[in-house]
1. Between the stretch 165-200 and the stretch 108-129, what's the alpha-carbon centroid distance in Å?
2. Scan around L117 for amide H atoms under 5 Å from its own, H built in the peptide plane at 1.01 Å from N, and keep only partners 5 or more places away or cross-chain.
3. Over 21 Å between Cα atoms: which of K123/K220; K66/K220; K95/K123; K66/K151 fall into that group?
4. Taking the Cβ of A64 as the centre, find all other residues whose Cβ is under 15 Å away and add up their charges (Lys, Arg: +1; Asp, Glu: -1).
5. Quick one: accessible surface of S89, probe radius 1.4 Å, all protein chains present, in square angstrom to the nearest 10.
6. Using a 1.4 Å probe on the protein heavy atoms, what percent of the accessible area of the chain belongs to carbon and sulfur?
7. Where both partners of a DSSP beta bridge lie in the stretch 1-142, what percent of those bridges are antiparallel, to the nearest 5?
8. Keeping all protein chains in place, calculate the accessible area per residue for the chain (probe 1.4 angstrom), answer in Å².
Amino acid sequence: KSQKHWQYCMKDGNLHIRWPDVWAEQEPRIVRERLPAALAYCRANRLNRIVFKPPGARIGIVCAGKAYNDVRQALALLGLEDGDRRDASGLALLKLGMVWPLEPEILREFAQGLDELLVVEEKRPLIEQQIKDELYADAVQGRLAVRVSGKTTGATGGEWGAAVDQALLRSDYELTPIEIAGAIAGRLGLDLASDGLAALRVGMEAIASATRQPAPALRKPYFCSGCPHNSSTKVPEGSQ
């Protein structure tokens with residue numbers, strides 16, 4: 001099926017930029033042919049994959065790139081990296097290899113039977129907003145009922161509808177495994193005051209305190225190492 005879809009998307013076998021090529025032809029080719037071909041390639045080569053989803057899973061974590069490694073470390077901090085305890089927690093994990101455009105088939109396969117999708121990504125919610133857009137019709141028509149959280153829990157509104165202090169995963173600075181572990185623990189209803197998670201709670205408080213008053217930048221602005229402008233901006237004497 002994927003191979004047929006791929007051949008269909010290729011059509012004449014050439015989706016590359018060609019000459020002469022004007023913008024009026026480029027844009028329709030991107031939207032109607034190249035992006036569908038990219039999605040077909042993503043499906044055929046399994047760039048997005050379900051890492052684990054045990055029977056009875058309730059909360060699915062969606063992440064990509066650095067955030068994936070941070071999530072795995074966060075699970076280790078919670079004692080949920082592998083084994084029966086992780087499966088009993090009700091967690092599932094989807095790793096994205098292509099974050100845009102978001103391939104919808106594996107997303108729906110992953111979301112089936114889950115109560116919530118927790119999207120872990122740094123900065124703006126690129127993945128989270130695509131998931132909400134893709135699953136909206138399913139939710140309206142009652143085919144799939146799953147909450148999507150990430151920057152907020154979803155109970156207080158979207159990215160701009162919730163107060164800053166209600167953020168689940170912040171949109172500024174990088175996310176740390178400790179912060180991610182705190183968000184996962186909150187979605188699972190784990191008690192951060194328990195002895196096993198006391199160190200995690202202390203770490204979260206330290207990070208929150210540090211980010212309220214970020215340190216000023218101390219590095220003097222200069223060219224990057226190896227930048228050709230290091231030498232090209234040194235003009236001969238008498239020149240401007």
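The values are calculated or read from the model by the stated rules, or taken from the named source; none is laboratory data. Given the structure is predicted, the values throughout are model-derived calculations rather than measurements. Neighbour counts are summed over all protein chains in view; Cβ atoms, including those assigned to glycine, are modelled from backbone coordinates with ideal geometry. Ligands, DNA and RNA are stripped out before the accessible areas are found, and what is left, the full protein with its side chains, is counted by its heavy atoms. Shrake-Rupley method; radii C 1.70, N 1.55, O 1.52, S 1.80 Å.
1. A separation of 17 Å, based on Cα centres.
2. Those qualifying (amide H under 5 Å, at least 5 residues apart or on another chain) are G60, R147, V148, S149.
3. Distance filter (> 21 Å) returns K123/K220; K66/K220.
4. Counting the neighbours of A64, the net charge comes to +1.
5. 20 Å²
6. Within the chain, the accessible surface is 55 percent carbon and sulfur.
7. Roughly 25 percent of the beta bridges in the stretch 1-142 run antiparallel, per DSSP.
8. Value for the chain: 62 Å² per residue.
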